[in-house]
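S.K.: After the structure tokens below, expect a handful of questions from me.
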Amino acid sequence: MRYKSLIFIFIFFITCNSEKDESEISSDSEVLNIIKYDISSVLDEFDTREGFSYTIDNNNVTFNTDNLPNHTSPYWPNSNDLFEEYNGSNSNFRINPNKIEAQNISITVPKNPSESINKLATSLGAIGVARNGVVFFNQYAGPNNQPLTNEINSFDQWLGHPTGQSVYHYHIEPLYLTKQYGEDSFLGLLADGFPVYGPVENGEKVTNNDLDSYHGHSHVTKDFPDGIYHYHITSEDPYINGNGFYGTPGNITN
Ligand SMILES: [Zn+2]
Ligand SMILES: [Zn+2]
């Protein structure tokens, strides 16, 4: 009996000990691989105004936006000063029946984004916020990954359009912002806190081949001299984001 119980205790000890070691090894290696970035340096670049603001707490930045574009569009109600007939370059432009209306959208992003072990797919609706307070949408026109093919013809002269719920949004390059700030500029954040840059870098056009499957890569940018993971908007599908968020997205409500 004494030997049996001793053996039992011994086995129990080994089992517990090996489990403990494994969990220690995996948590240590996770900690070693995770780089925590800090996005404080780009917050000043958001064009805040009445209707678009952000607050900062220990871990998060929360953007509150009415989502109204600061530029012209044929989707404004005709009475609005920013109403302008379509004057873009797409000869197939076809206006959709929707109009721009104020929203009440809140997007919380981590102040110190880091790579997520499990990458979450983006969903329909807002996936991030541009520096003018308008939301980014993903590369799909609707459920079951419907491509943007037909929607593209309803993008206005600045390449945005409103949903049936009057939510104006950009699926592709927000032309007003790249015209205003430059094609290599910081354009906004996705909900995981990682920055979105324009379609040019160091004077060269960025292509999907330069990016990973989430549509980003890591290196130094003018806003982040120590380097950061960032997305680029390219002229090719999937445009802004690919297979999901590189980091962990915060809450989006509207
Ligand atoms: Zn759309
Ligand atoms: Zn880059």
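S.K.: Which of the residues that make up segment 161-193 are of a type in the set (D, E, K, R), more than 18 Å from Leu124 (Cα to Cα) and part of a loop (DSSP other than H, G, I, E, B)?
M.R.: Our first condition is that a residue be of a type in the set (D, E, K, R); within segment 161-193, this holds for 173, 179, 183-184, 192.
When the remaining residues are screened for being more than 18 Å from Leu124 (Cα to Cα), the result is 179, 183-184.
Once the filter is applied, which keeps residues that are of a type in the set (D, E, K, R), more than 18 Å from Leu124 (Cα to Cα) and part of a loop (DSSP other than H, G, I, E, B), segment 161-193 yields Glu183, Asp184.
S.K.: Looking for whichever is more than 14 Å from ligand 1 (Cβ to nearest atom) and in contact (Cβ under 8 Å) with a residue 60 or more places away in the chain here; the options are Leu120, Leu187, Leu177. Which one fits?
M.R.: Just one listed residue meets the conditions, Leu120.
S.K.: Right, here's the next one. Before we move on, is Tyr168 over 16 Å from Asn241 (Cα atoms), touching a residue at least 60 places away in the same chain (Cβ under 8 Å) and within 17 Å of the chain's Cα centre (by Cα)? Give the derivation first.
M.R.: Details: over 16 Å from Asn241 (Cα atoms): yes; touching a residue at least 60 places away in the same chain (Cβ under 8 Å): yes; within 17 Å of the chain's Cα centre (by Cα): yes.
Considered against the rule, which asks whether it is over 16 Å from Asn241 (Cα atoms), touching a residue at least 60 places away in the same chain (Cβ under 8 Å) and within 17 Å of the chain's Cα centre (by Cα), Tyr168 comes out as yes.
S.K.: Can you work out which of the residues in segment 161-172 that are buried (at least 21 other Cβ atoms within 10 Å of the Cβ) and over 12 Å from Pro69 (Cβ atoms) is nearest to ligand 1 (Cβ to nearest atom)?
M.R.: Out of the qualifying residues, it is His171.
S.K.: On to the next question. Take the residues in segment 140-160 that are polar (S, T, N, Q) and either within 10 Å of ligand 1 (Cβ to nearest atom) or assigned to a strand (DSSP E or B) (or both), then tell me which one is surrounded by the fewest Cβ atoms within 10 Å (Cβ to Cβ).
M.R.: So, considering only residues that are polar (S, T, N, Q) and either within 10 Å of ligand 1 (Cβ to nearest atom) or assigned to a strand (DSSP E or B) (or both), the one surrounded by the fewest Cβ atoms within 10 Å (Cβ to Cβ) is Gln146.
S.K.: State the number of residues belonging to segment 59-90 that are of a type outside the set (Phe, Trp, Tyr) and farther than 21 Å from Leu190 by Cβ.
M.R.: 16
S.K.: Does segment 95-105 contain at least one residue that is under 24 Å from Gln180 (Cα atoms) and either surrounded by fewer than 16 Cβ atoms within 10 Å (Cβ to Cβ) or at pLDDT below 95 (or both)?
M.R.: Taking every residue of segment 95-105 in turn, at least one turns out to be under 24 Å from Gln180 (Cα atoms) and either surrounded by fewer than 16 Cβ atoms within 10 Å (Cβ to Cβ) or at pLDDT below 95 (or both).
S.K.: Mind checking whether some residue in segment 58-81 is in contact (Cβ under 8 Å) with a residue 12 or more places away in the chain, surrounded by fewer than 16 Cβ atoms within 10 Å (Cβ to Cβ), touching a Ser or Thr at 6+ places or on another chain (Cβ under 7 Å) and part of a loop (DSSP other than H, G, I, E, B)?
M.R.: No, segment 58-81 contains no residue that is in contact (Cβ under 8 Å) with a residue 12 or more places away in the chain, surrounded by fewer than 16 Cβ atoms within 10 Å (Cβ to Cβ), touching a Ser or Thr at 6+ places or on another chain (Cβ under 7 Å) and part of a loop (DSSP other than H, G, I, E, B).
S.K.: If I filter segment 150-189 down to residues being of a type in the set (Ser, Thr, Tyr) and more than 16 Å from ligand 2 (Cβ to nearest atom), which single residue comes out as nearest to Ile228 (Cα to Cα)? Write out each step before concluding.
M.R.: In the first step, residues of segment 150-189 are kept if they are of a type in the set (Ser, Thr, Tyr); the result is 154, 163, 166, 168, 170, 176, 178, 181, 185.
Filter once more, so that each one left must be more than 16 Å from ligand 2 (Cβ to nearest atom): 154, 163, 166, 168, 170, 176.
Details: Ser154: 34, Thr163: 32, Ser166: 34, Tyr168: 29, Tyr170: 23, Tyr176: 25 Å.
By that ranking, first place goes to Tyr170.
S.K.: So, in segment 118-137, how many residues would count as being assigned to a loop (DSSP other than H, G, I, E, B) and either small (Gly, Ala, Ser) or within 13 Å of Asp192 (Cβ to Cβ) (or both)?
M.R.: Total satisfying the criteria: 10.
The values are calculated or read from the model by the stated rules, or taken from the named source; none is laboratory data. These numbers were taken from a predicted model, which means no experiment stands behind them. Counting neighbours? That spans all protein chains shown, and the Cβs are built from the backbone with ideal geometry, glycine included.
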